Each structure stands twice: as C-alpha cells, then as structure tokens.
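K.L.:
Pasting a structure here, questions to come.
Please treat every number below as a calculation from the coordinates, not as lab data. The shown structure was predicted, so the numbers you read here are calculated from the model rather than taken from an experiment. Cβ placement follows ideal geometry from the backbone for every residue including glycine, while neighbour counts extend to all protein chains displayed.
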Amino acid sequence: MNLARRALRTPRPLLVGRRAYASPAPRKPTPPVPKAAPPNKDKKEAPVYNFNTSLTFDAVADPEVAKYRRVTATELANFREPPTKVRMLVRDFIDDSLYNPHYGYFSKNVSIFTPPDGKGYDFRSFRDQNEFQERVAERYESEYGAESGLGRQVWHTPTELFKPHYARALTAAMVNAYKLNHYPHDFVIYEVGAGNGTFMIDALTFLKEEYPDIFARTKYRIVEISGALAKIQRSRAVAAGFDNVEVINQDVFKWQGGSTEPCYVVACEVFDNFSHDMIRYDMGTLEPMQASVAIDSRGDFSVYYEPLHDPLLRRVLAYRRLLPPSPSTQPPLSKPLLASSTLRKVYSQIPFAPNLSPPEFVPTKAVAFLERLRDQLPNHRLLVADFDTLPDAVAGRNGPVVQTRYGGTMVPCETFLVKQGYFDIFFPTDFELLRDTYSLIMNSPSRRATDGSGKGRGKLSNDFFTGVRGFRRRAINVYSQGEFVMKYGGREAIKATTTRDGMSVMLSMYHNTKVLF
C-alpha cells in the first residue's frame, strides 16, 4: 500500500476520457469542427488558435473561441458557478478549479488525516512498516470512509503520520541556521499553508522544551488562504498556550505584509498545489506555444495553443535560458530531434506525427511565489518539503496527478480537464530546477510584487544580477527526506520512528519526497 500523500491508492479504473466530468450529466463528446477563418485584411498577424482535436497543430482559427472573453482566476473568484464561453491560461483554469472560494476544491472537499492520539503514533508498538500502514488504513476507513460525496478525500502528510518527529527535524534545521547566523535576534518563522496547524504546534513545542531561550524570542506567523483552516490554526494555538502565533488569513499572492528582518519561510506540501502553465514547442522552430483552455456554452473543455505572450510565462522561460542546458531546461524531445532541425522536419512529415512537442507543465505560480518572497521577505531562508515524483500522473513533463474519491475509491484521471472543484490537482517539483531558479531570483533586483496573474514585465532587466546582498554566499541544498531527517533529526528522530523490526518508517516511506533548505 502506497501512502504517497493524499489518498490510499487503489487499482486504476477504466481510463477517464478527455471530457469526463466536464458537464453535470454525461453525454457523448462532440469535438468542435474547425472552421475556416475569415480573410484578415489587417496586415498585423492574428493569433493562431488550435482546439487540439488531433495531435497536430491546426493553423486555422476557430472564430467562436476567438470571441470568448479571456479571464483570469482572480476575475473568476467572484463567480459562484463555473463559467462558460470563456478562455483562460491553463494555470488560471487549474487555479480556479482548486481555489475558487465558491466552488473550488479546497473550499469544500478536503480533510487532513490525523493520528488517533494527539501525541502521534507509538511506532514501537508496530511489528513493521506493513502493520503500521494497515493501522493507518483502518483509521482511514473508520474515521473518513463513511464520508460520501464526489470529490471528498483525505490527505496523508509526513507531518501528520510522523508527528511530532518530522516537524522537530525540520525545526532543528532552522534552529541550527538561526544559532549560527541570527541569535540573539528574534527567531521569526513564516509558514505558508499550515493545514490544521500540526507543524506549528510540534515546532513550537519542540522549541519550548529543548530551546526555551530561543522560544522566548520566537515569532510564528502563518499565511493561510483558507478561512476554515485559519480558524482551526488560531484555536489550536490558543489551546496550546502559544501567544506568539499570528495567523494571517490571506492569499500569499495578495498579501501586502512583509519585513526586511531575517526570517525563515516553511512550505510543506505547498508547491505541489501551485498551478502550472502548459506549453508545447513547434517541431520546426522550437518556439514555445502557450496552452489555454476554452469552455464552451455547455461547460465542455478544449485546449488551444497560441504564440507565447503571457508575461509571467515568458519570464519563467527567460530564467531557464540563464541556466546551463539540461533535460529540465530544454524542450521535452530526444537529443537527436533537439540537435537537428532537418530531422525534426522529417519527423513532422510522417503521417499522424504531431507537429508540436509533447506537453510540458511549467511551474509559473511557484516562480511567482519565489519572486514574491524576494520582494516581501528579502532576508528569508526558505525550507520546502514536497514530492519530486508522483505515480499515475497526466502525460507530459512534470504532469500532475488528477484524482477524486468516489464511493470510497480513489479515481485517478488522465487529464486535467475535469469538473472544477471535484478533483485534486497536484504536481511534482523538480527540486534541482527549483534550486537553480530560486538562486537566480534571489540574485535579481526587487521588482514590484505581482499577484501571480502574470501582469508586469515579461523579460529580465539589465541589472538582473545585482541581487540580495550576501545571498550568493548562501548554500542551497536539496536532500531526500531520509537524508534530511538523518542530518537534522539525528538518532533520536530515527529511534522514535523505528518499528520492532528495526526499520524507521520515516526513512523507509515517502521515497518520492525531497527537501530544499
């Protein structure tokens, strides 16, 4: 049984089609028929659209889609029902599906798995990892299995499963850096997306018990988009007697606070739900084409491609061009195709061969988040823990996992074009690319903070490398979860999570997670 994050996985059901869950009632999909575009008398070249009803890129625009209003997730936040006859970037479609306050997934369908005892599991009581996972599954069924409704599911996180030891190991890493660099100044921690507050409780309890002098200097601030979770976090802090906790119930992309004081920013399983854009490359020119989603009058979805013009997406790709060539920074094609334009031309002329590359999901909101940290908290130290690989993912580089729970069974899908609000959509993180991009951003001058919508400059300025003073001397490392826990949690954390067969479950589980610090 794999506890790789949110749900106890079950065998894959029948494949879910492209338009599945696109409408309230199932019906046979009817792909739109491309129509010839009217003659364009304007000398200015018109955008090129493609509904992607086949694997090829059709240069003929569909005039109906061109008439649809282009919207963003920010504009859709006021909608109480999913929109129709609109078009938007893929990241806005995913953002709206997850975070819309009225019908978004996180506004209604999520519970967080917690151990039966507030102190966490006694791992010495389990024979081995299999017995531990069986007990977790039993609690899952007894506590959450009876919850019905399409879309409702339960997260499984290392913070909850291995409490309090996981949070203590991460906090110990921050304490180590704080003692070396900032003591006796205030120890300021920002946590983004704190769930039900378990990491906060475990971290502050650890500081109070092991480092009372540092605890007296600690200020813990949570930036939480969910009003329901923010209420839980406040009540748990009060119940634990922690008066040094501030819960800021705002979207981190709209948060106007910040400080120049040294601080630590914690993001545990946050990056995986940052929405991504999708691009495909022209096989002839290797020019990137941005993907957008069109929603017709029936609520059905289609994808079309157009030349790259979104400022945020252009900026993300500009960062990549400053990095050494690697599989993460180049188009998702084989080396021979990348090296030879002639070979690409021959390939594209093969019958039924696509003239666009396979899709790539680009972490634009993650980059916008890093830029915002650069502007709002320039003297921060970032700690990120998340998944670097995921099973059952949608096809494409860095493709997401799209899943829902129906009748007690987890249903993974093969497309992100699913009914808004009923599916969790989460992405793996390329930690090495994240580290390198983060270094570039922190070595850039501060720019006006954006809300992640992509508005603003789409290219890098001439003084790009002026940077945050002293950041170049800072080491940014990527660890596997096991490496990180062993380095900072020490023998005590390993021993506390060891079953009777001598195996530490905190080391043996979640092999698909990494930590950046």
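K.L.:
Expressed in nm to one decimal, what extension gain is obtained for the pair L286 and S142 from 0.36 nm per residue of sequence separation less their Cα-Cα distance?
P.N.:
That works out to 46.6 nm of additional length.
K.L.:
Suppose the chain between Q330 and A395 were pulled fully straight at 0.36 nm per residue; how much longer would it get relative to their current alpha carbon spacing?
P.N.:
21.7 nm
K.L.:
Hey, rough spin-label estimate for N78 and S111, points 7 angstrom out along Cα→Cβ, what's it come to in nanometres?
P.N.:
Here the answer is 3.6 nm between the modelled labels.
K.L.:
Run the paramagnetic zone check for D375: 7 angstrom along Cα to Cβ, then residues of the stretch 69-110 with backbone nitrogen under 16 Å.
P.N.:
Under cut-off, by backbone N: 74.
K.L.:
Can you list residues whose amide H is under 5 Å from F253's amide H, if they're 5+ apart or on another chain and H is modeled 1.01 Å from N?
P.N.:
Under 5 Å from the amide H of F253 lies no amide H from a residue far enough along the sequence or on another chain.
K.L.:
Neighbour counts of other C-beta atoms within 10 Å: give me L308, L313 arranged from fewest to most.
P.N.:
Final ranking by Cβ density, sparse to dense: L308, L313.
K.L.:
If I model the stretch 174-281 as equal point scatterers sitting on the Cα atoms and use the Debye formula, what is log10 I(q)/I(0) at q = 0.11, 0.20, 0.21, 0.24 Å⁻¹?
P.N.:
-0.38, -1.08, -1.17, -1.42
K.L.:
Okay, moving on. Can you list the residues, at least 5 places off or on another chain, whose amide H is less than 5 Å from the amide H of V362, using H built in the peptide plane?
P.N.:
Amide H neighbours of V362, under 5 Å, 5+ apart: D277, M278, I279.
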